[in-house]
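One structure below.
What follows is calculated from the coordinates using simple rules that are stated; it is not laboratory data. Just so it is clear, the model here is predicted, and its values are computed rather than measured. Note: ideal-geometry Cβ built from the backbone for every residue, glycine included; neighbour counts use all protein chains shown.
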Amino acid sequence: MDDQNVDDLEGFRNSLHQVLSTVDKLEKQVIEVEQFYRSTGNVQVNNSKGGSAVKEKGREKNLIGTKKPLQDASCTETAAAKRMQELIRQFSTILRQITRHKWACPFMDPVDVKGLGLHDYYEVIDKPMDFNTIKSKMDAKDGTGYKNVREIYADVRLIFKNAMKYNDDEKHDVHVMAKTLLEKFEEKWLQLLPKVVDEEKRQLEEESQAQLDTLLAQATTYENMARDLSSELSEVDIHLKNLKETVIQKFRKMSTLDKKILGAALTKLSPENLTKALEIVAENNPSFKFASEEVDLDIDAQSDYTLWKLRVFVKDALEVQGTSAGDRNDNTDDKTNNSKRRRQICDSIAKTNAKRTRKLSTL
């Protein structure tokens, strides 16, 4: 019957380890949910439609992802890019009109700094620009081209601004041509600008909506996760309570003979294992103190759960000690020093036994 109790306790201990492993996993998920809500300011969603349910490792788990919002955002982004390309195409019409002007020739290619002897050009001009450079960038297919019509607008203005800056004499031919073409360009740009502003406003609204949709989808995911966690933690709590009740009901009260055998076995433990045994008592009896040099352990005052747990530990510890007995015999001096605390505890046990007139209620 005793061995059966020991085996049963071992089984309960394994069950407890499984529960603790589950709790560790749930704790990580709880932390993930908490971090999400802290970062988003407690976004809440009404998920009346719910999400798809999938089985994961034999249990039901709600799965609401952000896949659809991301797909929608991608489609929206693609549509916006097409609309912007249409604006760039319309801007190209303006560009052709300006470059066909009789005064556009000096601005078509990069400035021939060396050929014209313009030694201070790069000291005055930070970013040179010309129409052919703009055209090449507009035609680029490797992802380095313009993404927004305003980028092209800024570079066209830069062509004329550079020319006016380097040729700062307002009566200089190049300055006059650049100023004239800039004015014509701005007039034509103003005709396209309302469309550009509308598109920019639309893109901003779509980006905001896409971000909100993604955030709401994530919030739904974590809301379902939080609900599942609450349910699973409740199940774990019930499991632990049932396990505790089973342990209490399963193990019979330890007899006087059982306690005597346990007390004798405790005196055979190494100092290290004896300390671990006392820690087991302290885990279930917070008032028990064993840090002092002398320890009084009243076996009768301990619960049957604690006593059977000690029984399992002592049995395993003595088996390990038996396999390494030869090694310890080779270190007699160390053995003598290390067993000092054990002797002190055993002396204390003897004193307690004497006080109880050999009742065997102490170790």
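Give me Ile134, Ile31 sorted ascending by neighbouring Cβ count inside 10 Å, so fewest comes first.
Details: Ile134 19, Ile31 10.
Ordered from fewest to most neighbouring Cβ atoms within 10 Å, Ile134, Ile31 come out as Ile31, Ile134.
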Discussion item. Can you compute the label reach from His119? Point 7 Å from Cα along the Cβ direction, backbone N cut-off under 20 Å, restricted to the stretch 153-194.
Written reply: 166-168
Worksheet item: Given 5 Å bins starting at zero, what is the percent of C-alpha pairs of the stretch 71-211 in each, up to the one with the largest pair distance?
Response: 2, 9, 17, 19, 17, 13, 9, 6, 4, 2, 1, 0
Worksheet item: Extension gain Lys188-Lys141, at 0.36 nm per residue separation less the Cα-Cα distance, in nm?
Response: 14.2 nm
Item to complete: Could you work out the per residue convex hull volume over the alpha carbons of the stretch 137-259, in cubic angstrom?
Response: 248
Worksheet item: How far apart, in nm, are the 7 Å Cα→Cβ label points at Lys260 and Thr40?
Response: 6.8
Practice prompt. For the stretch 78-105 and the stretch 15-36, compute the distance between their C-alpha centroids and round to whole Å.
Written response: 59
Worksheet, complete the sentence: Whole-Hz Karplus couplings 3J(HN,Hα) for the stretch 80-87, θ = phi - 60° and coefficients 6.51, -1.76, 1.60, Gly and Pro as x, run 5, 5, 5, 5, 5, 5, 5, 5
Discussion item. Could you check the spin-label model distance between Val236 and Ser21? Points 7 Å from the Cα along Cα→Cβ, value in nm.
Written reply: 1.4
Practice prompt. Putting +1 on Lys and Arg Cβ atoms and -1 on Asp and Glu Cβ atoms, find which of Tyr166, Trp103, Val149 reaches farthest to the positive end of the dipole of the stretch 71-211.
Written response: Trp103
